[in-house]
Every structure is written in C-alpha cells, then in structure tokens.
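Asker: Just dropping this structure here.
Laboratory data are not the source of any read-out in this text; all were calculated from the coordinates shown. Bear in mind that the values here come from a model prediction, so they are computed numbers and not experimental data. Quick reminder, even Gly has a Cβ in these numbers, built from the backbone with ideal geometry, and neighbours come from all protein chains shown.
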Amino acid sequence: MRSLGMTTVLPAFAGHVPQGILRVFPRVNATRLGHWSHFDCTYSCTYLLDPEDPMFQVIGMLFLKELIKEFGTDHVYSADTFNEMTPLSSDPAYLSRVSNAVFRSMTGADPKALWLMQGWLFQHQPDFWQPAQVRALLHGVPLGRMIVLDLFAESKPVYQWTESFYGQPFIWCMLHNFGGNHGLFGTVEAINHGPFAARRFPNSTMVGTGLVPEGIEQNDMVYELMNELGWRQEPLDLPSWVTRYAERRYGAPNAAAAGAWRLLLRSVYNCTGVCVNHNRSPLVRRPSLRMDTELWYNASDVYEAWRLLLSAGAELGSSPAFLYDLVDVTRQAAQQLVSDYYLSIRQAFQSHALPELLTAGGVLVYDLLPELDSLLCSHSLFLLGRWLESARAVATSGREAEQYELNARNQVTLWGPSGNILDYANKQLGGLVLDYYAVRWSLFVSVLVESLNSSRPFHQDQFNQAVFQVERGFIYNKKRYPAVPAGDTMEISRKLFLKYYPSALRRSLAGPA
C-alpha cells in the first residue's frame, strides 16, 4: 500500500475480548453484549471490557505495539466499538469514557495516533444515538484526533443532524452496494451534489470523499463518477459526462452506446430519496406469494438500452468492457423479465388458472433462467466457478480449501447455518442461477401446481422448510463449476433479445398490471 502512495490504516483495540479472558483473568470487568442480526450467541454476543478496567490499556497498547512492530505505522488507526451493537448504557458519561479509553490505548502505543471511525452506527440505530449520545462518544476524543466516515452519506447523511459531527473532521462517503449484489443501481443526483452541499454546510468539518462499498466489482460507472467528484469544484453535467464515459470505456465514440448510457443514467442509476441497494428482485429471493416487484425506474429504459447496446456490438464487440456491460444490461433485463413472469404465476395461482400457471412457470424455469445462466457462463467475471476457485486458491491445505469453498457458497446463499441473513449477498453468476435460483423457482411452481390440483392452500412455512433443503443442498453438493467462460456473449444476448424483447417492451409500456 505504501508503495502506491497510500496512507495505511491499522486496526486498534476497540475493547472487545474473547470469553476465555475471564478464565485467565477472572477479576477482569467484562460484560457480554447482545446478539448481532439474526445470529444467536453461538456466533455473536461478544464481551466488552469496561473502559476503566486496567486491562483495557494493557491489552490495547500491547496489541498496537505488536502491529506497529510488524507493519510500521502511518499513525492512523481504526476501531468501532459499537458498530451495529447496542452499548451497555446510554449515559453520555459512559460513552465518553469508552471512546476516551480506546483513544488513550492508541496514543499509549503511538502519541501521534489519529482515530478513523465509521459513522454507520449513528444512522443504523438512531433511536439510541440521540444528539447527546453522539456528542459524548465523539467528544471523548480531542477535536481533530478523530476522523469519522459518514458512511452512507448519499442516502442517509449524518453530518446534517450532528452539526458536522460536533466538530470532528469527517469524510463524505458513498456506500452504494450492500452485500456485493449484482443489479444496476445508483443515486447519481445525490452523489453529484452531496459532497458539495457538505462542503457548504455551516461550520463544515468535511475533509474528503470516500468509497465504502460492502462489495465492489459491479456498477463501474458509479465508482468512476464518485472518484471524479473528488477532483471537482462543482457538480458535473451528468448527461454530458456519461456520454464521454461511454467513449472512454469502449475506446471509441458510438452514438448507440452513448444513448444506452444516457437511458441508464436517467433510470436505474437515478434512484432518489432514501435508496438502499439490496437487490430485492424475485430472481434472487426465496419465492413467496408476497414478493416485491416495485422498481424506482421505467423498465422500458433498460430494454431500450439493451437494444442500443446490441446494435453497437458490430463496432464495439472487441472491447472487453463493452462485452461486460452487454452481459450486465442483458442480465438486468432478464431480472425484470423474471418479475413479469412471477406476477403472471401469482395471478394465475390466485385465479385458479392452472394452464396459465403451467405456461408462465414453464417459461421461467425451463427457458428464461437457463438462458440467463448460459449468458452469465459466457463471461469470466460472471462465473460461480471463478468465485469458488478464488476462495480455494488462498487455502494452505486440501481441507482448508474445502472449508473456504463452503464459506464462499454460504456467503452468497444462506449466510449462516440456517439462512440467518438469507440471500443478503446474492449474486447472479453462471452456475448459481441454474443450480440454486432456478431450482428454488422450480420447487415453488411445483408446489403451487400441486396446491391447485389438490385444492389445498399454499403454506409458506411448509414451503420454506422444503426449499431450505434445496438451499442447504447447494452449499454441500461439491459440484465443480468451470472457471473458464463458454459460449458467445453477443449471440446469447441477441437470442434472448429476439425471444423476449417484443413482449417485454409491450408490458413495460403498458405499466403495472
């Protein structure tokens, strides 16, 4: 990192300790915190040292001194004591003691220490983090010795209601993506104006802009835009900027490609208001009769962008970036089509129309999803095999490689032993669509058909139990997936387009059913 001119950040001691410390030091004052998310105390409920326990400074300084001995230091340290965890007390004095103890353990090892802290906790639990609590935590550290990352500033900025973090410097950050989901998404208007509004804020303490996605390698345009704004004095003319972006990205001007990007800019990339990018498409969610198909944009804009990109293929087809974008836009169009077929399936079931249910379910399960899978398999960056092989590659033994592959499979599906954060990190990868999402949808359609045939009601709880076996089975099936692409991306996209575009455009222009 230093060879690239980067300022490195080392982790500091935030106060968390393993349960075993109570066995070694039985008099230590440590309290168990509550569980995290949907995980019980088997996997969470960490112990937190009391800030006034003498061991807090001993552990904190020893830990940081070892890190500095190993890596050297640029004097910046990260620590997040209460990220998505409720503190033991809302007493401002207690919260100040905690942050002060963390900072003292940093300066005990490095007198020049600067604390870099995520500001996510303040917007994540706003009922707890009222102004008095926020001020107390921030003011436990001398002003200027902490930098706060305003982590989700493009949708939920914290600086606005904390008087610019009560004097502590902050970085205006774009989070953009939760879980590394595939799916075209952006909040370009908020991104384009947000950093400049933050600089003009009364008594602003903003010191920079940042990118903090939970998963990257998707929606390249949004990250290009955010990075460019750090060099600008005022917002960009976005339609002009995205036209130039298309030319830079593909290496040549092309009217159709530029037109496609302007359509994408005004639609999928222009979510307004409080926008949270968890892909909720029925494609990547456990099926039910109550799925969300709402879009923040006109679906027809994506279909038209798809058409324009395909028409640019003769000129731009040799560009790797173009082929990636063609897969991505075709994938987005297919995702919209899945929602259409889901609505047809649901309507047919609720109307007891078995032939229509069989038709819509058959097209979805036996044509659309396999075609989407073959498209994804045609590009190396959309392969499940690549995802799994990259996990295995860092292992030091065969047994470890098996464990890492299980983890990689679990992360994009159940995320936990029992679907604790189900489909949170959903991804549309060749192999995953066919062997995970399509199998779930096949079971769902079969259960609905059986329900109509037997005149028995559909029970979501029973389906969930059955489909969990499918989901868990995928994690443990040990099937090998290719890490090398197969098939012609342009041809597969064109085939999908000719088959589905005419009816898709009619439906999207007709509006919601």
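Asker: Quick one: which residues, 5+ away or cross-chain, put their amide H under 5 Å from the amide H of residue 76? H built at 1.01 Å from N.
Answerer: 10, 114
Asker: Sticking with this structure for a sec: Taking the Cβ of residue 159 as the centre, find all other residues whose Cβ is under 15 Å away and add up their charges (Lys, Arg: +1; Asp, Glu: -1).
Answerer: The answer is +1.
Asker: Could you state the orientation-averaged shadow area of the convex hull built on the Cα atoms of the range 1-128, in nm² to one decimal?
Answerer: 9.3 nm²
Asker: Please identify which residues in the range 82-111 have an amide N closer than 18 Å to a label point set 7 Å out from the Cα of residue 41, following the Cα→Cβ vector.
Answerer: Of the residues in the range 82-111, 85-89 have backbone N under 18 Å from the label point off residue 41.
Asker: Starting from the 7 Å offset along Cα-to-Cβ, what nm value, one decimal, do you get for the label separation of residue 112 and residue 353?
Answerer: Placing both labels 7 Å beyond Cα along the Cβ direction yields 7.2 nm.
Asker: Restricting attention to the alpha-carbon atoms of the range 104-181, what are Rg (one decimal) and Dmax (integer), both in Å?
Answerer: Rg then Dmax for the range 104-181, in Å: 13.3, 41.
Asker: On to the next question. Can you figure out the FRET efficiency of residue 16 with residue 228, using R₀ = 35 Å and their beta-carbon distance, to the nearest 0.05?
Answerer: Calculated transfer efficiency: 0.40.
Asker: Please check which bits of the range 119-137 a label hung off residue 90 would reach, taking the label as a point 7 Å along Cα-to-C-beta and the cut-off as backbone N under 16 Å.
Answerer: Residues passing the 16 Å test: 122-137.
Asker: Right, something else. Quick check: residue separation of residue 503 and residue 143 times 0.36 nm, minus the Cα distance between them. What number comes out in nm?
Answerer: The residue 503-residue 143 span can extend by a further 123.6 nm.
Asker: Any idea how far the Cα center of the range 55-79 sits from the one of the range 170-202, in Å?
Answerer: Between the Cα centre of the range 55-79 and that of the range 170-202, the gap is 32 Å.
Asker: Once Rh is set to the Kirkwood radius over Cα pairs, what Stokes-Einstein translational diffusion coefficient, in µm²/s, holds for the range 170-221 at a temperature of 37 °C and a viscosity of 0.692 mPa s?
Answerer: D = 271 µm²/s.
Asker: Please get the size of the charge dipole for the chain, origin at its Cα centre, with Cβ charges of +1 on Lys and Arg and -1 on Asp and Glu, quoted in debye to the nearest 20.
Answerer: Roughly 300 debye for the chain.
Asker: Now a separate question. As an exercise, use a Förster radius of 35 Å and the Cβ-Cβ distance of residue 255 and residue 275 to find the FRET efficiency, rounded to the nearest 0.05.
Answerer: E between residue 255 and residue 275, to the nearest 0.05, is 0.70.
Asker: What do you get for the angle between helix 238-250 and the principal long axis of the chain? Use alpha-carbon atoms, 0 to 90 degrees, nearest ten.
Answerer: The angle comes out near 80 degrees.
Asker: How much length is gained on full extension from residue 366 to residue 399, taking 0.36 nm per residue of separation minus their Cα-Cα distance?
Answerer: 8.3 nm
Asker: What does the convex hull of the alpha-carbon atoms of the range 230-301 project to on average, in nm²?
Answerer: Averaging across all directions leaves 7.2 nm² for the Cα convex hull.
Asker: Now, a different point. Can you give me the long-range amide H partners of residue 118? Hydrogens built in the peptide plane at 1.01 Å from N, cutoff under 5 Å, separation of 5 or more residues or another chain.
Answerer: 79, 149
Asker: Hey, what did the range 270-333 get for relative contact order, percent, Cα under 8 Å, at least 6 apart?
Answerer: That works out to 30 percent.
Asker: Now for a separate question. Over all alpha-carbon pairs of the range 165-266, lay out the pair-distance distribution in 10 Å bins, whole %, shortest bin first.
Answerer: Taking every Cα pair in the range 165-266, the percentages come to 14, 42, 32, 10, 2.
Asker: Rounding to the nearest 20 debye, state how big the charge dipole of the range 152-300 is about its Cα centre with +1 on each Lys and Arg Cβ and -1 on each Asp and Glu Cβ.
Answerer: My answer is approximately 240 debye.
Asker: Using a Cα-Cα cut-off of under 28 Å, which lysines could be cross-linked to residue 427, ignoring same-chain neighbours fewer than 8 residues away?
Answerer: 156, 478, 479, 495, 499
Asker: Can I ask one more? Whole number please: convex hull volume per residue, Cα atoms of the range 433-495, in Å³.
Answerer: Measuring per residue, one finds 112 Å³ for the Cα hull of the range 433-495.
Asker: What is the magnitude of the charge dipole of the range 214-332 about its Cα centre, with +1 placed on the Cβ of each Lys and Arg, -1 on the Cβ of each Asp and Glu, and no other charges, expressed in debye to the nearest 20?
Answerer: Around 340 debye, computed over the range 214-332.
Asker: I would also like to ask the following. If you plug each phi of the range 208-222 into the Karplus form 6.51 cos²θ - 1.76 cosθ + 1.60 with θ = phi - 60°, what whole-Hz ³J(HN,Hα) values come out, in order, with x for Gly and Pro?
Answerer: Using θ = phi - 60°, the values come out as x, 10, x, 10, 9, x, 5, x, 10, 6, 7, 6, 3, 4, 5 Hz.
Asker: For the chain, treating each Cα as an identical point scatterer without solvent, what Debye log10 I(q)/I(0) comes out at q = 0.13 1/Å?
Answerer: -1.36
Asker: Residue 270's amide H: which non-local residues (gap 5+, or another chain) put their own amide H closer than 5 Å, with H modeled 1.01 Å from N in plane and none for Pro or chain starts?
Answerer: 186, 188
Asker: Shifting gears a bit: Enumerate the calculated ³J(HN,Hα) couplings along the range 179-186 in order (Karplus 6.51 cos²θ - 1.76 cosθ + 1.60, θ = phi - 60°), each rounded to whole Hz, writing x wherever the residue is Gly or Pro.
Answerer: x, x, 5, 7, x, 5, 7, x
Asker: Summing +1 for each Lys or Arg and -1 for each Asp or Glu, what net charge is found among the other residues whose Cβ lies under 10 Å from the Cβ of residue 246?
Answerer: Every neighbour counted, the sum reads +2.
Asker: Next question. With an 8 Å cut-off on Cα pairs and a minimum separation of 6 or more residues, tell me the relative contact order of the chain in percent.
Answerer: 11 percent
Asker: Under a crude label model (7 Å from the Cα following the beta-carbon direction), how far is residue 78 from residue 289 in nanometres?
Answerer: A separation of 4.5 nm, rounded to one decimal place.
Asker: What does the convex hull of the Cα atoms of the range 191-322 come to per residue, in Å³, rounded to a whole number?
Answerer: That works out to 149 Å³ per residue.
Asker: If you take every DSSP beta bridge whose two residues both sit in the chain, what share of them, in percent to the nearest 5, is antiparallel?
Answerer: Roughly 25 percent of the DSSP beta bridges within the chain come out antiparallel.
Asker: Next question. Which net charge results for the neighbourhood of residue 480, defined as the other residues with beta-carbon distances under 13 angstrom from its beta-carbon, given Lys and Arg at +1 and Asp and Glu at -1?
Answerer: Within the 13 Å Cβ shell, the charges total +1.
Asker: If you line up the long axis of helix 438-454 against the longest principal axis of the chain, both from Cα atoms, how many degrees apart are they, to the nearest 10?
Answerer: Computed tilt is about 60 degrees.
Asker: Still on this structure, I have one more. Using a cut-off of 13 Å between alpha-carbon atoms, which aspartates and glutamates can reach residue 69, once sequence neighbours fewer than 8 places away in the same chain are excluded?
Answerer: Correct list for residue 69: 110.
Asker: Kindly write out, for the range 107-122 in residue order, the coupling ³J(HN,Hα) from the Karplus curve 6.51 cos²θ - 1.76 cosθ + 1.60 (θ = phi - 60°), rounded to whole Hz, with x marking Gly and Pro.
Answerer: 5, x, 8, 8, x, 8, 4, 10, 8, 9, 10, 6, x, 4, 4, 5
Asker: So what's the gap between the Cα centers of the range 442-493 and the range 247-283, to the nearest angstrom?
Answerer: Here the two parts' Cα centres lie 30 Å apart.
Asker: Need one number for the range 390-513: average projected area of the convex hull over its C-alpha atoms, nm².
Answerer: With the hull built on Cα positions only, its mean projection is 11.1 nm².
Asker: Something else: Of 153, 79, 212, which is farthest along the charge dipole of the chain in the positive direction, counting Lys and Arg as +1 and Asp and Glu as -1 at C-beta?
Answerer: So the residue furthest toward the plus end is 79.
Asker: With each label point set 7 Å from Cα along the Cα-Cβ vector, what nm distance links residue 217 and residue 461?
Answerer: 4.0 nm
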